[in-house]
Amino acid sequence: MLEKALKGNKAYWIWVFSLLGIIAVGFTFYLKQLDFGLGITGMNRDVTWGFYIAQFTFLVGVAASAVMLVIPYYLHHYKAFGKITIMGEFLAIASVIMCILFIIADLGQPMRLLNVILYPTPNSMLFWDMIVLSGYLVINLVVGWNVLDAERNSVPPANWLKPLIYLSVPWAISIHTVTAYLYCGLPGRGFWLTAVLAPRFLASAFAAGPAFLILLCFIVRKVTNFDPGREQIQTLAKVVVYGSCANMFFFLCEVFVAMYSQIPEHMDHLQYLFFGLHGHGKLVPWMWTAMALIVTGIILLLIPAARQNEKVLAVACVFTFIGIWIDKGMGMVAGGFVPNPLHEVNEYFPTFPEVMIAIAVYATGFLILTFLYKVFVGVKEELNA
Amino acid sequence: MENNRRSFLKFAGISAVGLSSLSLLDVFGTGKAVASTGQSAEGIYKNEDNALTAQRWGMVVDTRKLTEEICSDMEKACHQIHNVPEFEEKRHEIKWIWETEYKHAFPEKQDEFLTERLKELPIPVFCNHCANPPCVQACPTQATFQRKDGIVLMDFHRCIGCRFCMAACPYGSRSFNFRDPRPAIKDENPKFPTRMKGVVEKCNFCAERLAVGQAPACVEASEGALIFGDLANPDSEVRALLKENYAIRRKQNLGSNPSVYYLV
Amino acid sequence: MNDKPKIIIGLAIFLAVFTFPFWYNHGAASTAPKPELTEKAKAAKKCILEKEQMRTEHMQLLNDWRNTVVRDGQHVYEIDGKEYVASLTNTCLECHSNKAEFCDKCHLYTSAEPYCWTCHTIPKEKK
């Protein structure tokens with residue numbers, strides 16, 4: 001099936017080579033980072049995780065959101081999703097690979113990465129993160145590929161895939177739960193020290209992931225002969241709005257607990273993010289933008305007439321995706337580090353090389369996604385012909 | 001044709017997995033073989049005769065004896081001996097021990113009407129060598145670990161630079177080498193290694209000095225303001241001080257159980 | 001099987017690229033360098049282990065040393081009744097103070113790139 005990714009029109013190849021170009025440029029910045037060290041980023045002694053880990057956290061969510069297709073299709077036999085479930089699984093593959101690349105980009109000594117396996121340490125959440133992420137990658141590769149292969153041969157998927165598919169449901173939940181545990185088990189970081197972090201991560205993931213998938217559906221419909229289907233897209237839109245509402249609900253729970261209890265360690269971070277602290281407020285405009293985007297997205301998606309208009313739906317999905325990207329990425333990570341444990345304010349903002357490296361990782365993800373979707377659409381077109 | 005290719009690919013895949021796991025076994029195998037057959041294993045390791053040992057090392061900081069000058073001397077002594085670099089950019093800063101104000105050292109003990117003396121007083125802060133260290137729990141490679149004598153140490157050879165320990169430390173005691181530290185070390189101490197870029201570092205309670213019978217550098221420079229000893233030994237000087245005086249610890253509500261006490 | 005010529009050309013190119021290091025370096029092989037000993041090292045006659053053993057196993061010994069010193073805090077290594085402080089800079093290089101001739105030559109020849117020196121000080125390097 002892979003050969004289908006090697007046949008495409010001019011636009012396809014222009015797109016592929018543009019991505020390769022972006023990867024090449026970003027890679028030169030990564031070489032610079034390897035040579036100089038992480039000092040080329042905006043990270044500092046107080047904000048020790050930044051843009052890379054923010055992207056990692058966000059993308060784990062996008063990867064986990066494939067479960068929003070798997071559950072309706074395989075557990076509830078919602079037939080319509082049969083058409084696009086593989087799109088979700090392939091998106092998960094590309095996302096997990098980006099996650100791994102972002103982790104590697106963030107390491108001070110990437111050559112020693114395998115020390116995590118050489119000295120396995122079960123009390124470290126990072127060890128578990130490695131296990132669940134690589135497991136999830138394998139599950140989705142095996143399931144997505146084999147189901148597509150079966151579809152191509154017009155036979156039902158092999159029986160041995162069933163348990164794997166069922167396993168992928170809790171496994172998807174686990175990848176984002178463990179990602180939340182990276183943060184919420186740390187004693188001195190009031191912003192993250194909340195049991196609602198993992199549920200909130202999942203809720204925002206189930207909004208941002210399907211929102212992105214809807215946009216992908218529109219693109220696929222436009223540039224290929226395969227139509228993911230109006231019903232499918234509308235159902236996904238409902239998933240997005242449920243997820244986004246749950247996310248906002250959890251967020252408001254956070255705000256209430258922090259602001260009503262008025263415990264400084266919990267309150268100061270929110271204060272910093274939304275109003276600035278001791279005269280520092282680089283993230284304030286970003287956070288309000290994020291909130292405005294998410295809320296507007298919810299309103300647009302809640303009104304049936306607006307949701308059913310695909311132009312409005314596309315806008316709502318872009319809003320939801322970008323809003324959650326800001327809030328869960330930069331806001332969540334940088335916000336937890338400011339103020340620092342000594343209650344000093346040292347801010348963080350990504351530098352140009354840092355952003356370029358991140359863009360290159362995204363380009364790599366999009367390249368993988370392009371190839372996978374090309375194969376997927378190729379099979380669909382072949383069946384329709 | 002299809003079948004042939006498929007079975008060939010299957011065979012190749014299985015062989016590849018098999019071979020790579022063999023080589024993995026090999027790695028473990030040789031690792032052990034070296035330790036048991038190499039003559040190096042015939043040697044024995046031991047402490048220096050005059051090494052200082054304890055069950056649980058700890059420190060008492062007597063704030064009554066502190067001055068700005070003493071704090072600055074301690075910092076200089078520590079940073080010189082351990083080759084701690086001095087960068088102009090604050091972003092890349094590395095520090096093992098430094099002086100701060102009461103409100104930063106004890107942000108959870110904010111008092112509206114704090115005694116005047118404490119408001120002005122310089123407080124030295126450094127790694128607390130917690131009995132229940134969150135950094136050790138977080139480290140995915142055991143590059144940071146707790147020794148039997150309670151000292152929380154860094155194995156710079158093993159650190160992958162993920163900075164999870166820095167997120168886990170509730171005291172901001174850890175620094176990361178955002179760049180090569182060597183050019184920024186003014187007066188290099190050849191007896192102690194420098195670090196390389198991409199690893200985390202922090203106060204080591206002068207483990208290398210204890211091993212040869214010397215007290216930590218900051219204690220020597222403190223003019224009696226820092227007292228070092230065995231917290232597990234009821235007859236030690238630190239325990240005597242703690243018996244006589246009211247002492248506080250940084251964020252002890254977090255359960256990390258710091259081994260550094262401050263007499264106020 | 002109409003692609004035979006293409007496959008053969010592809011294979012030929014692959015082989016050429018793959019074996020590039022061999023024929024590129026053909027005839028350029030130099031003889032293995034001999035590590036040079038300082039007067040102090042010569043006078044000592046025997047290193048920590050026998051010469052041959054040191055040659056093949058010094059990396060394992062150093063690895064053992066560093067793990068024991070760093071992780072177990074035991075700084076003294078005793079063998080054949082002799083005690084050594086387990087330290088690269090302060091013991092090994094104390095005697096073998098000619099790092100360039102003693103260490104680097106062979107490491108260069110065998111393409112071994114130990115990163116010891118990014119942290120551990122080379123005594124003679126100090127001005």
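Quick query: amide H of residue B:98 versus all other amide H atoms, modeled in the peptide plane; which residues come in under 5 Å with a sequence gap of 5 or more or a different chain?
When sequence neighbours closer than 5 places are left aside, the close amide H contacts are B:125.
Count, for each residue of A:262-272, the Cβ atoms from other chains sitting within 10 Å of its Cβ, then give me the mean as a whole number.
Going residue by residue through A:262-272 and averaging, the value is 1.
Give me, ordered by chain and number, the residues 5 or more places off residue C:121 or on other chains with an amide H under 5 Å from its own placed amide H.
B:194
In what sequence do A:327, C:64, B:187 fall when counting other Cβ within 10 Å, fewest first?
B:187, C:64, A:327
Can you pull the one-decimal nm distance between simple spin-label points at residue A:78 and residue A:34, each 7 Å off the Cα toward Cβ?
4.5 nm
Suppose we keep just the alpha-carbon trace of the protein assembly as shown; what are its Rg and Dmax in angstrom?
Looking at the protein assembly as shown, its Cα Rg and Dmax stand at 29.9, 94 Å.
Okay, which of the range A:198-238 sit inside 16 Å, backbone N to the point 7 Å along the Cα-Cβ direction of residue A:12?
A:220-227
Using alpha-carbon pairs under 8 Å, 6+ residues apart, how would you state the relative contact order of the range B:57-263 in percent?
33 percent
If you split all Cα-Cα distances of the range C:31-125 into 10 Å bins from zero, what percentages do you get per bin, shortest first?
P(r) over the range C:31-125, rounded to whole percents: 14, 50, 32, 4, 0.
Need the C-alpha centroid separation for the range B:49-94 versus the range A:298-375, integer Å.
Going from one Cα centre to the other spans 42 Å.
Using the basic label-point model (7 angstrom from Cα toward the beta carbon), what is the residue A:260 to residue B:223 distance in nanometres?
5.4 nm
When the C-alpha atoms of the range B:61-148 are aligned to their principal axes, what extent does each axis show, in angstrom, from largest down?
45, 30, 28
Could you compute the net charge surrounding residue A:225? Neighbours are other residues with a C-beta less than 13 Å from the C-beta of residue A:225; K and R count +1, D and E count -1.
With Lys, Arg at +1 and Asp, Glu at -1, the net is +1.
Test of understanding: in a Gaussian network model of chain A with alpha carbons linked when under 10 Å, which of A:208, A:92, A:158 would top the mean-square fluctuation ranking?
Maximum among the listed residues: A:158.
Between residue C:43 and residue B:50, what is the FRET efficiency for a Förster distance of 30 Å, r being their Cβ-Cβ separation, to the nearest 0.05?
The computed FRET efficiency comes out at 0.60.
What is the packing order of peptides C:40-50, A:366-376, B:59-69, taking the mean over residues of other C-beta atoms within 10 Å and listing the highest first?
Order by mean packing, descending: A:366-376, B:59-69, C:40-50.
By Kyte-Doolittle mean hydropathy of at least 0.5 and Cα axial length of at least 30 Å, which whole DSSP H helices of chain A are selected?
TM-like helix candidates: A:10-36, A:85-106, A:125-152, A:161-184, A:197-223, A:230-261, A:352-384.
Average partner chain C-beta neighbours within 10 Å, per residue of C:47-54?
2
By count of other Cβ within 10 Å, fewest leading, how are A:322, A:219 ordered?
A:219, A:322
Go through A:182-190, A:95-103 and give me the packing order, highest mean Cβ count within 10 Å leading.
The densest-packed peptide leads the list: A:95-103, A:182-190.
Before rounding to the nearest 500, sum -39500 (n - 2.57) across all DSSP H runs of length at least 4 in chain B and divide by the residue total; then give [θ] at 222 nm in deg cm²/dmol.
Helix contribution divided over all residues of chain B: -9500 deg cm²/dmol.
Which three semi-axes in whole Å describe the equivalent ellipsoid of the range B:57-263, each the square root of 5 times a Cα gyration tensor eigenvalue, listed largest first?
Ellipsoid semi-axes (Å, largest first): 26, 19, 18.
Per-residue Cβ counts within 10 Å, from other chains only, averaged over C:77-86: what number is that?
Across the residues of C:77-86, the mean count of other-chain Cβ atoms within 10 Å is 3.
Name the shape class, rounded, prolate or oblate, that the alpha-carbon gyration tensor gives for the range B:172-236, where a ≥ b ≥ c are the square roots of its eigenvalues, rounded holds for a/c under 1.5, and otherwise prolate holds if a/b is larger than b/c and oblate otherwise.
prolate
Calculated FRET efficiency, residue C:85 and residue C:18, Cβ-Cβ r, R0 51 Å, to nearest 0.05?
0.60
With a point put 7 Å past each Cα toward its Cβ, work out how far residue A:303 is from residue C:107 in nm, to one decimal.
7.0 nm
Counting other beta carbons within 10 Å of each residue's own, what order do B:139, C:106 fall into, fewest first?
Listed from fewest to most nearby Cβ atoms, that is C:106, B:139.
Round to the nearest 0.05 the FRET efficiency obtained for residue A:274 and residue C:4 when R0 = 56 Å and r is the Cβ-Cβ distance.
That pair, residue A:274 with residue C:4, gives E of 0.25.
Bear in mind these aren't lab numbers, they're just calculated from the coordinates by the rules spelled out. Here the structure is a predicted model, which means the values were calculated and not measured. Note: ideal-geometry Cβ built from the backbone for every residue, glycine included; neighbour counts use all protein chains shown.
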